[in-house]
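The values are calculated or read from the model by the stated rules, or taken from the named source; none is laboratory data. Keep in mind it's a predicted model, so treat the numbers as computed, not measured. Note: ideal-geometry Cβ built from the backbone for every residue, glycine included; neighbour counts use all protein chains shown.
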Amino acid sequence: MMKDERGAGREVSMHEPADPKAIDQLREAYQRVRAELAKVIVGQEEVLDQLIIALFAGGHCLLEGVPGLAKTLTISTLARSLSLTFNRIQFTPDLMPSDITGTEVIQDDRATGRREFKFLHGPIFANVILADEINRTPPKTQAALLEAMQERHVTAGGERHDLPLPFFLLATQNPIEQEGTYPLPEAQQDRFLFKVYIAYPSYQEEYEVAERTTGQVQGAVNEVLSGPDILRFQRLVRQIPAAPDVLRYALDLTRATRPNESSAPALVKRFITWGAGPRAVQALILGGKARAALKGRYHMAIDDIRALARPVMRHRIVTNFSAEAEGYTTDRVIDDLLAEVVPNKTHLDGDERIRKVLSA
């Protein structure tokens with residue numbers, strides 16, 4: 001059983017079948033959000049899909065790309081299309097943890113004349129957070145995000161302060177300016193559901209960007225989705241059924257990245273130092289369920305896992321010197337694994353939950 005939001009309200013069974021009408025509503029909501037994003041963002045179809053999948057799966061995203069590829073604009077536009085609070089935190093070398101989470105201050109109580117501590121909320125207390133250039137701040141400050149990302153609350157002065165729900169953190173980093181940066185520890189990268197690469201636009205897309213951004217008219221973005229709607233859709237995503245063969249494929253693909261496994265492929269033992277952990281399996285399944293729902297399907301398929309293997313695993317795999325010397329990036333390793341790890345045929349009729357959905 002699972003409880004709504006912070007453990008209050010109606011209990012939701014993990015085996016309760018998803019309502020097909022609710023899935024249709026989720027798909028419609030996705031299309032409305034995409035329509036609003038298209039008013040400002042040109043191209044980047046795969047990037048936008050991954051961000052929205054992460055939103056409905058209840059995860060966080062790390063975006064990486066060279067300057068000028070609209071990382072910040074994409075995130076702020078997504079936030080504007082949602083009826084949620086939004087804060088941007090610019091990470092700098094002198095940023096302190098309390099600058100993010102908040103701090104306790106002493107205030108005079110005019111009624112009693114006493115002094116008391118009061119917690120002043122930091123910018124982390126919003127539904128959507130843009131952590132801009134997260135790798136420009138020291139590890140001490142980066143670590144201030146860990147509790148918020150994992151537990152959805154922060155602790156100050158021994159007291160717990162809950163964050164508003166839904167809570168969605170989007171961090172950006174620049175891969176080419178390494179001077180004065182602090183790479184994110186692997187443990188913190190593992191908290192991100194996806195690591196999303198943003199590539200250069202095509203010729204036609206860049207032409208349209210130049211035309212749009214140098215003219216007088218700018219696209220106006222409307223709020224099309226509320227916080228309660230997002231929470232409802234996040235619960236719905238967890239009810240999407242996945243056949244045992246699909247779950248086993250997610251597990252097989254993740255375990256194949258670990259060089260200490262006897263069944264690991266030769267390329268993994270040769271090029272990988274550390275493979276993906278259990279969070280990768282969870283991310284593949286949750287992301288796959290969200291992707292299936294956004295595509296209007298009432299069950300998850302192996303194709304959903306294959307489509308999300310790169311953003312889920314690229315930041316959870318550590319390559320060695322041999323891989324770097326031979327030009328083996330994490331994405332190339334993942335592509336080779338997708339070709340090598342063969343899924344079992346999925347028999348939808350063998351899962352009682354799927355039969356209920358398909359017969360509805």
Filter result for D108 (of a type in the set (D, E, K, R) and touching a strand residue (DSSP E or B) at 6+ places or on another chain (Cβ under 6 Å))
yes
Does V281 qualify as being crowded, with 24+ Cβ neighbours inside 10 Å, more than 19 Å from A18 (Cα to Cα) and under 20 Å from the mean Cα position of the chain (by Cα)?
no
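Per-residue answers, yes or no, for (1) assigned to a helix (DSSP H, G or I); (2) of a type in the set (F, W, Y); (3) in contact with an Asp or Glu (Cβ under 9 Å, 6 or more places away or on another chain); (4) touching a residue at least 40 places away in the same chain (Cβ under 8 Å):
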| residue | (1), (2), (3), (4) |
| --- | --- |
| R306 | yes, no, no, no |
| A309 | yes, no, yes, yes |
| V312 | yes, no, no, yes |
| R316 | no, no, yes, yes |
| E324 | yes, no, no, no |
| Y328 | no, yes, yes, yes |
| R332 | yes, no, no, no |
| D335 | yes, no, no, no |
| A339 | yes, no, no, no |
T181: modelled with pLDDT of 90 or more and surrounded by 15 or more Cβ atoms within 10 Å (Cβ to Cβ), yes or no?
no
When T137 is run through (1) over 14 Å from N87 (Cα atoms); (2) among the β-branched types (V, I, T); (3) free of Cβ contacts under 8 Å to residues at least 40 places away in the same chain, the failure sits at (3)
Quick one: in the stretch 168-181, of everything that is touching a helix residue (DSSP H, G or I) at 6+ places or on another chain (Cβ under 7 Å) and not small (G, A, S), which residue is farthest from T329 (Cα to Cα)?
F168
Residues being in contact (Cβ under 8 Å) with a residue 40 or more places away in the chain, part of a loop (DSSP other than H, G, I, E, B) and of a type outside the set (A, V, I, L, M, F, W, C) - total across the stretch 142-169
4
If I go through the stretch 266-278 residue by residue, how many of them are surrounded by fewer than 21 Cβ atoms within 10 Å (Cβ to Cβ) and either part of a helix (DSSP H, G or I) or touching a His at 6+ places or on another chain (Cβ under 8 Å) (or both)?
5
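Sort out which residues of the stretch 95-118 are over 27 Å from the mean Cα position of the chain (by Cα) and hydroxyl-bearing (S, T, Y), and write them in order of number.
If the condition is that a residue be over 27 Å from the mean Cα position of the chain (by Cα) and hydroxyl-bearing (S, T, Y), then T103, T112 are the ones that fit.
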Log entry, pairs with first residue in the stretch 57-77 being free of Cβ contacts under 8 Å to residues at least 24 places away in the same chain, second being outside any strand (DSSP E or B), beta carbons closer than 8 Å, six or more apart or on different chains, reads none
Could you list, in sequence order, the residues of the stretch 94-116 that are surrounded by 12 or more Cβ atoms within 10 Å (Cβ to Cβ) and more than 30 Å from A171 (Cα to Cα)?
Q107
Identify all residues within the stretch 28-46 that are closer than 18 Å to D229 by Cα and surrounded by fewer than 15 Cβ atoms within 10 Å (Cβ to Cβ); write none if there are none.
E28, Q31, R32, A35
